[in-house]
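Worksheet for the structure shown next.
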Amino acid sequence: MKYILTALLIFECCGVMCSFSQNHGLTHCPDYSLSPSESRANSFNTDISANRELRLSKHPVFHAIDNDLRRRDSADTDTTATHAQPLHSYQNIVLTGYSAGKAEGDFLPYEGNGSYDWRLYGHGSHNYGKAGTLSGTVAYARGKHRNIGWSTTRFPNLYWPFILTDTTGGNSQFETYDIEGQYGVNLGSIWLGASAKFKGEQAHRMTDPRLLNNTTFLQFGLDLGYVTPKGQQLMLGGGYLRNKQYEHDRYWRPGEQQRFFVVHGFGLYDNKESGVFMGTSRMHYLNGFLTDFSYTSPVQKKVCVTANIGYQRNKLTVEENEYYDLYASTTSVFTPQLHFKWQCGKTISIHLLSEHELMKRLGYERVFERYMTNIAKSTYDYRQIAEYQNYKLTTQQGANALRAEFALGRHSTFGLQGGANYLHRNEQNTFYHFEVDNLNVMPYGRADYKLTKKKFEFSTSVQSGIQSVRNHTYDVDITASSISHLDFQTCFAPYAYYAAEYTQTVAEISYTYFLKKCGIGAKVKYMNITGERLKDVGFDKPVGYYAACPMIQTMPDKHNEQWFNVSTFVIF
Amino acid sequence: MQKYIAISVALTVGLFLTIPFELFAQTKRLYNISGVVLSSGTPIPYADVYIEDLRTNVLADEDGKFVLTRIPQGKHKVQTSSMGYNDAEKWITVSDKDVNVKIYMSPLVYEIDQIQVMAKRDVRNKLEIKETAIEYVQPVSLADVMVLLPGNVYQNNAMTKFSLNTNRQVGSDQNTSLGIGVTTDGVPQSSDGNRTQMIGLTANSYRWSKDSDNDNNRGDDLTKGRSSINSGTDMRYISTDHIQSVEYTKGISSPRYGNLSSGHVKINSKYGVSPLRIRTKIDLKNKLVYAGKGFSLGPKVGTLYVGADYLNAIDDVREEMDKFQRLTGQAYYNNKFRIGGYTLDFDAKVAQTISVNKMKKDELTYEYNETYKADYSKTDFMAKMKLNLGKKWIDNIEWTNSLDRTEDRVDRHYCVITANPRSMPKANEEGEHEGYYLPTMYYSDFYVENTPVNYYSQLNLDSRFTFGKRWILNVEYGADFHSTKNWGDGAVIEDPERPPFPNDNSYMRPRKNWEIPAIEVGGAYLHGILCFKATENQTAKIDAGGRLTEMFNLPSDYALCNKLLTEPRINANYAFGKKLSSNIRFGYGEENKLPTMDYLYPEKTYKDFWMLNAYTNNLANRHLITYTKIYDATNTELRENKNHKIEFGYDASIKGFELSVTLFHEFSKTGFEYFKLYEPVTYPLYTTLKEDTDISNRRPEKTDYVEQSFSEFVHYSKVMNSKKTTKDGLEYRLIFPKIKPLQTNIEINGAYYETTYGSSQPDYFYPNSKVGDNMYPYVGVYDLDAHTTEKRFNSNFWFNTHIPRFRLIFTNFFQLVWMQTKQYSDNFDGIYKKTPFAYIDTQNKTHIVTPEVLEKIKGNEDISWYQLKRQTTASAYAKDEQPVYLLWNIKSTKELNDWIKLSFFVNGILDVHPKYISKKDNYTQRKWSQPFFGMELILNIGNNKKGDKK
């Protein structure tokens, strides 16, 4: 559903939750993306009924409530169910997969234009009766993001616009470790839950000067659940978020005149701190909190309503070796979601989803002075003397969709879905009165089919949409300055990337063969994007710092991208 | 010497004398404890059954049956351990007849509440790290396990380079690292015969020493960083996957173990029957896979445990050259035989370690078409027999033999590029020789072969005597022999006229390692443990003995030749109290570390000077004449490094609380070092052409020049017993009872360490300047007593949450370093203008500085003297003081079922290192710590203990 800006949410890009207790959900891990291409494919390829469940499953108590209710109702038969009856119910999955992708023409330079990765992923859930439900996920992956330019910082969306860049660029090799645990327990009329997530990534580049990025994400959450006597489920959760990225750039070799630019938006950079260095290091910290409230009306009723409201706020601080908090930013994200399910008859259900992500980021630049702490010993330190708030980034993105699901017999379903996604991205510098604005809309259609038999399960889906640009503004002009700037590299390039019209198609096919105690299966996903930048979006000013970095063309270009994933898995 | 022998003998004999004589007459019969070790009715074969207080153990047979012989009357704690099971213990009362018992062990699964993930301490303050604790650390090498020891601080694991081992100190030093004794299955792991010789590799190399004047070319840095020469055991090569348990003695070691000075690490290998275990570990630096299984070979044939692991490690992924790949394999056989009425435990082990990435490459080797082949292979054989006689005077006889051979070879095809053609000597003898000029670029082919072979044999006997109901004396005595010989070729340069490191004229003329005599050491020891059990709750124990050591095969002019070295060691403790159980400890010991092969037989230092240096573009007209002086770094007066240790301790436990505090003081004034000495040298110099001499278009000769006599000082290093190290500190450990609602055990441990590093030798200083046309004529000798004191106080907080129901263990580890300081000081503190008490002139005569000379030195007028005044900046004396810092590590293991365990760890998940202003370096500093994380999967295939758990 969402556009690629999901990385703006700290854990959206690293959550590894696969929380469905039935096997169809086990293989569906939309949050686990190892490349921007995969993120685009997963967020676009959305069954909205699954999307609702995914959102709910972020509450640790959801599993416990689900398990308890399931246990209590195990003797009952849901006569109103239109979904295919689950023939197989598994709690655990081990999956391995390979993905690769590439882009032609425009791309976001800080993301690169190609990737491949390999992953090993495991998820399990176990109910210990009255002692609660424990579920966990563990994943390891490694791969390469190719041709990254104008960012030596990993996950630049998190820190944007305060990133470090150099003039070399290159391929970033990475390995990631993910671990997540959730626990929920019933304490009389309420459920209590706790969760913890960790993701760690180490990435490096072998092109001189060589980079090493060590990035960690940490999240702790507590959750409270209540089910009314009538079956209404209420869940309230809150958590602490922390992200840290240590960046170390070195192996500058004689004869190389690479510069490390400390960028702060619209191509502006800290001129004093962006010299030719033998190497540099930097630390980014993000600290924040999140809350999420969910309401679900009784699921057995013909009409079921689910409402979710989430709010997240985090603060960025950046340390150089000798400074404190050179830059800072605050980011607030509001994520409402509303889902209706109407059971029209025994074989048809209608779903309506409206979900949105509204993000606002304010950037702060700080001025330091050097002062002597001990004149006799020539000891010095730095102190902050001013702070400016000039940078602002807002994004609004979301989707409205309608889905009809038909039961074809007891064990197969067919779904039709249509809707429209939108993205509005606006970046401003109030001091220079710069502004960049993109507004895009993507109407789409989707069809999916699933067949479950005693011996096997087969599912397939295809979803296609056409992005159209409703507005695009690029009001940045700093050529009057005597210093070359990076507005083309770090401001125009993202603008041009979003100012494109294209067709996006994602197809997926999955097959599982069931043995006595487990099932083995394979899944293939493919995404294709074909389009072009708008004809009137070109950069006709001088490009500062021509460099070896991979970069887009100044004039309109293609906007093509292909990505695929092949996975095999065992469920048990 | 006589004094020490007397002390040693007196200590041991004293044990006997403390026993009332009349008790001998009352000696009662000793009894047997026999029984069977079971797990849910199934016998556990080859479990180790022991009574720690009596220092006796026996292996159960294949049916789990055992007999502990000659057990005195009283109440004894019989303990058992076996791979795959939790340790079990049972109190047995022996009255007036043999006793038969059944001991039940529970399987090592997380559903059981007894999982031990921390180090266990015994009454002598020895720490034991068992199978589950090792596994839970998720280690790659033995070095990782050390974080469990109180006082140690977490360090990022580094496999690429050798790191000095430390014990009870802040900072590190070579002598402590060398002095830490590591024994594997009773066999010392010796690195004393290691010699990797090439410039930058041998410790005596000019460029190796820290005081190298010029860092432009420090020889083979790549290999140097990986070498553990003169620095003790390289823990990177000790794979933890073959280890069942580790015992660590920080204080005074048992006299059974010699040739160590800084603590003892005792490693016990895995043996016995076990399911197939596969371990896969991945983290940011290491990728490791291990498989091992213990087989029963059939009735009366014994067991065989076979395991192998492969490790691929790299500290910085960007440093391709630093890849470290290790493959280790081990087979351990054990059996129990009956010979007549006796039992014989037989153990044999074969272990192999090899490096896999033989060809090391990076972009520079590609660019310069170089090759770098590093080959490491170590083979160990061990055979051990223990005959259980159960006789009145001898309980057991144990004979251990081992042989190991290491082949450590570096082959390089190395590109040498110099800015100018360098003048090179060819001489292997002192005096005047023809030299030659090197091209500015060439390839040098060489290899360095280090092949130490160690043989070790030990015969150990133990006896037990009881005197009345309250006195028990266990005596352990025996002798050992250790031989080390290096059979390698040393450094071999294919073409001696194409040296790999030409920028330093101190490079050695290669000597074969096999030309160096073997080191042979013999030792004998006597160790008595006298236990007096006054009441049920009061026990006094004196654990005393000594060790005699002699080095054989030394040249007769060596001070250590025919010298019998003594090492008295005593530990005593008194335990009392019932509700509040207390134990007071005291220990004193002397431990000797003997010099290594490199220290005993160092390389000679060659100093080459050019007398005539006429270089022209015309090859035929070049002429180089060099003058060579050879300095022998051998010090025949070299002695052992004796470390004195004294410690007091108090342990208490009440209602699940446990407290342990140890106060210690250690000092060594005889640590080894290559000490820098100066000597004058005078040689003829030909630089000024005689009048009317024309050397154009011909090769110049000496006769064309005016002969001058030129004097200068040169320095070289000599091995000396001059390093001083003093260690003081307090170690503590506080264990809280389990917080049941949280299912969490809390342990707080840490230490205050104060370590002083210095030298007992005066300091030499040569201004290295000219006075007129001549070199400066004096070397100053200073009574500096320069030393650096480092202090650290840390607390490690361990929160171990074990939820058996979920088969889950989760640990939060917080490390708080409350203070860490480092300060240099000397006898001239606060003066900053250091003056010598003596000086050496160009005739190599030493003069005491007279008041008149001192005035000239202090003044600023006489250029010949005031240069001996040494200036130091105030910051050199400044205390480098770090603010409090905090580190938070987490780790967890989830047992999915009896077969599968999944673990992960994150070190440095939170790191608070505040910015501070370094008074020493005068600028703000920040020490970021990178998070380090990884995960592990363990499969125990065929492990089915469901029945056992019930």
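The values are calculated or read from the model by the stated rules, or taken from the named source; none is laboratory data. Owing to the predicted nature of the structure, the values given are computational and were not obtained by experimental measurement. We place every Cβ from the backbone using ideal geometry, glycine too, and count neighbours over all the protein chains shown. For accessibility, only protein heavy atoms count, side chains too; no ligands or nucleic acids. Shrake-Rupley method; radii C 1.70, N 1.55, O 1.52, S 1.80 Å.
So what's the net charge close to B:G656: Lys and Arg +1, Asp and Glu -1, counting the other residues with Cβ under 11 Å from its Cβ? Present the calculation step by step, with values, prior to reporting the outcome.
On the way: positive: B:K655, B:K738, B:K740; negative: B:E658.
Once all neighbours under 11 Å are counted, the net charge is +2.
Which order do the peptides B:52-64, A:36-48 come out in when sorted by mean C-beta neighbours inside 10 angstrom, highest first?
Values: B:52-64: 20.0, A:36-48: 24.5.
By packing density, highest mean first, the sequence is A:36-48, B:52-64.
Under unit Cβ charges (Lys, Arg +1; Asp, Glu -1), what dipole magnitude, rounded to 20 debye, does the protein assembly as shown have relative to its Cα centre? Mind dumping the intermediate values first?
On the way: 177 positive and 169 negative charges, 1272 e Å.
Charge dipole of the protein assembly as shown: 6100 debye, to the nearest 20.
Mind checking the mean number of beta-carbon atoms from other chains within 10 Å of the Cβ atoms in A:171-179? Before the final figure, lay out the partial values.
Working: counts 0, 0, 2, 0, 6, 1, 9, 2, 10.
Partner Cβ neighbours, averaged per residue: 3.
Beyond a 23 Å Cα-Cα separation, which of these cross-linked pairs lie in this structure: B:K541/B:K738; B:K378/B:K563; A:K130/B:K740; B:K391/B:K469; B:K655/B:K901; B:K130/B:K281?
Values: B:K541/B:K738 30 Å; B:K378/B:K563 32 Å; A:K130/B:K740 18 Å; B:K391/B:K469 19 Å; B:K655/B:K901 33 Å; B:K130/B:K281 19 Å.
From B:K541/B:K738; B:K378/B:K563; A:K130/B:K740; B:K391/B:K469; B:K655/B:K901; B:K130/B:K281, over 23 Å: B:K541/B:K738; B:K378/B:K563; B:K655/B:K901.
Give me the dipole magnitude in Debye, nearest 20, for chain A about the Cα centre, with unit charges on the beta carbon: positive for Lys and Arg, negative for Asp and Glu. Could you put the intermediate results ahead of the total?
Working: 57 positive and 53 negative charges, 420 e Å.
Charge dipole of chain A: 2020 debye, to the nearest 20.
Can you compute the label reach from B:E497? Point 7 Å from Cα along the Cβ direction, backbone N cut-off under 16 Å, restricted to the stretch B:612-648.
Answer for this model: B:619-626.
Taking Cα pairs under 8 Å and at least six residues apart, what relative contact order does chain B come out at, in percent?
Numbers: 2610 pairs, mean separation 93.0, N = 950.
In percent, rounded to a whole number, it is 10.
Set the Förster distance to 51 Å, then compute FRET efficiency between B:L327 and B:L742 from the Cβ-Cβ distance, nearest 0.05. Don't skip to the end; give the middle numbers.
Values: r = 43 Å, r/R0 = 0.84.
Using R0 = 51 Å, I get an efficiency of 0.75.
What does the average come to when, for each residue of peptide B:925-936, you count the partner chain Cβ atoms lying within 10 Å of its Cβ? Walk me through the numbers on the way to the answer.
On the way: counts 2, 8, 0, 9, 1, 8, 9, 4, 10, 4, 8, 0.
Mean inter-chain Cβ contacts per residue within 10 Å come to 5.
At 222 nm, what helix-only mean residue ellipticity would the protein assembly as shown give, in deg cm²/dmol to the nearest 500, using -39500 (n - 2.57) for each DSSP H run of four or more? List each step's numbers first, then the result.
Numbers: 17 runs with 111 residues, N = 1522.
Per the formula, -1500 deg cm²/dmol.
As I understand it, the dipole of the protein assembly as shown uses +1 on the Cβ of Lys and Arg and -1 on the Cβ of Asp and Glu, about the Cα centre. Which of A:N51, B:Y606, B:W487 lies farthest toward its positive end?
A:N51
Highest first, please rank the peptides A:348-355, B:511-518 by the mean number of other Cβ atoms sitting within 10 Å of their residues. Working shown, then result.
Values: A:348-355: 19.0, B:511-518: 16.5.
Put in order of decreasing packing, that is A:348-355, B:511-518.
Got a number for the accessible area of B:D122? Probe 1.4 Å, square angstrom, nearest 10.
Accessible area of B:D122: about 30 Å².
Once R0 is set to 56 Å, what does the formula 1/(1 + (r/R0)^6) return for the Cβ-Cβ distance between B:S875 and B:I278, expressed as a FRET efficiency to the nearest 0.05? Don't jump to the answer; show the numbers that get you there.
On the way: r = 55 Å, r/R0 = 0.98.
Computed FRET efficiency for B:S875 and B:I278 comes out at 0.55.
Using only Cα atoms, what is the ratio of the radius of gyration of chain B to 2.2 N^0.38 Å? List each step's numbers first, then the result.
Details: Rg = 31.1 Å, N = 950, 2.2 N^0.38 = 29.8 Å.
Dividing the Cα Rg of chain B by 2.2 N^0.38 Å gives 1.05.
Taking a 20 Å limit on the Cα-Cα distance, which of the listed pairs B:K75/B:K270; B:K266/B:K384; B:K727/B:K927; B:K629/B:K718 fall beyond it? Show your work: numbers first, answer last.
Values: B:K75/B:K270 30 Å; B:K266/B:K384 16 Å; B:K727/B:K927 26 Å; B:K629/B:K718 15 Å.
Violating the 20 Å Cα-Cα cut-off are B:K75/B:K270; B:K727/B:K927.
Let's see if you can work this out: charge +1 on each Lys and Arg Cβ, -1 on each Asp and Glu Cβ, no other charges. What is the dipole magnitude of chain B about its Cα centre, in debye to the nearest 20? Before the final figure, lay out the partial values.
Working: 120 positive and 116 negative charges, 899 e Å.
So the dipole magnitude of chain B works out to roughly 4320 debye.
Under a 1.4 angstrom probe, counting protein chains only, how are B:K607, A:K130 ranked by accessible area, largest first? Mind dumping the intermediate values first?
Details: B:K607 20, A:K130 190 Å².
Result of the area sort, largest leading: A:K130, B:K607.
Could you tell me how far the Cα centroid of the stretch B:790-821 sits from the Cα centroid of the stretch B:85-144, in Å?
The distance from the Cα centre of the stretch B:85-144 to that of the stretch B:790-821 comes to 21 Å.
When only the heavy atoms of the protein chains count and the probe is 1.4 Å, how do A:H63, A:H356 rank by accessible area, highest first?
Most to least solvent-accessible, the answer reads A:H356, A:H63.
Starting from the Kirkwood radius over alpha-carbon pairs of chain A, derive D by Stokes-Einstein at 37 °C in a medium of 0.692 mPa s and give it in µm² s⁻¹. Intermediate values should be presented prior to the final figure.
Details: Rh = 24.9 Å.
For these conditions, the coefficient is 132 µm²/s.
Shape call for the stretch B:654-792 from the C-alpha gyration tensor, a ≥ b ≥ c root eigenvalues: rounded (a/c under 1.5), prolate (a/b greater than b/c) or oblate? Don't jump to the answer; show the numbers that get you there.
Working: a/c = 5.93, a/b = 3.76, b/c = 1.58.
Prolate shape, in that a/c is at least 1.5 and a/b is the bigger ratio.
Between B:M819 and B:D113, how high is the FRET efficiency from 1/(1 + (r/R0)^6) when r is the Cβ-Cβ distance and R₀ = 41 Å? Nearest 0.05.
Values: r = 38 Å, r/R0 = 0.93.
After rounding, the FRET efficiency stands at 0.60.
How far apart, in nm, are two points set 7 Å out from the Cα along the Cα-to-Cβ line at B:L663 and at A:V303?
Distance between label points: 8.1 nm.
Could you work out how far apart the two model spin labels at A:Y382 and A:K517 are, taking each label as a point 7 Å from the Cα in the direction of the beta carbon, and quote it in nm?
6.0
Report the paramagnetic label zone for B:E691: residues of the stretch B:706-725 whose backbone N is under 16 Å from a point 7 Å from Cα along the Cα-to-Cβ axis.
Those under the cut-off are B:706-707.
On average, how many beta carbons from a partner chain sit within 10 Å of the beta carbon of a residue in B:906-912?
Values: counts 6, 0, 4, 6, 4, 3, 0.
Shielding by partners across B:906-912 averages 3.
Average the reciprocal distances over every distinct pair of alpha-carbons in the stretch A:481-531, invert the result, and give the Kirkwood radius in Å.
Working: mean 1/r = 0.0649 Å⁻¹.
The answer is 15.4 Å.
Near B:K856, which lysines are there with a Cα under 20 Å away, not counting those fewer than 8 places off in the same chain?
Straight-distance partners of B:K856: B:K770, B:K833, B:K834, B:K845, B:K869.
Out of B:Y342, B:V301, B:V289, whose Cα points farthest toward the positive end of the dipole of the stretch B:263-343 (charges: +1 Lys, Arg; -1 Asp, Glu; placed on Cβ)?
B:Y342
For the protein assembly as shown, just list the percent of Cα-Cα distances falling in each 10 Å bin from zero outward, please.
In whole percents, the pair-distance histogram is 1, 7, 13, 17, 17, 16, 13, 9, 5, 2, 0, 0, 0.
Obtain the nm distance between the two label points defined at B:K833 and B:L459 by a simple spin-label model: each point lies 7 Å from its Cα along the Cα-to-C-beta direction.
6.9
Answer with one residue from B:M235, B:A878, B:T628: the one whose Cα lies farthest towards the positive end of the charge dipole of chain B, charges on Cβ with Lys, Arg +1 and Asp, Glu -1.
With unit charges placed on the Cβ atoms, the residue in question is B:M235.
Which of the aspartates and glutamates could be linked to A:K523 by a straight reach, that is with a Cα gap under 20 Å, when you skip same-chain ones fewer than 8 residues away?
A:D31, A:E38, A:D47, A:D117, A:D448, A:E457, A:E508
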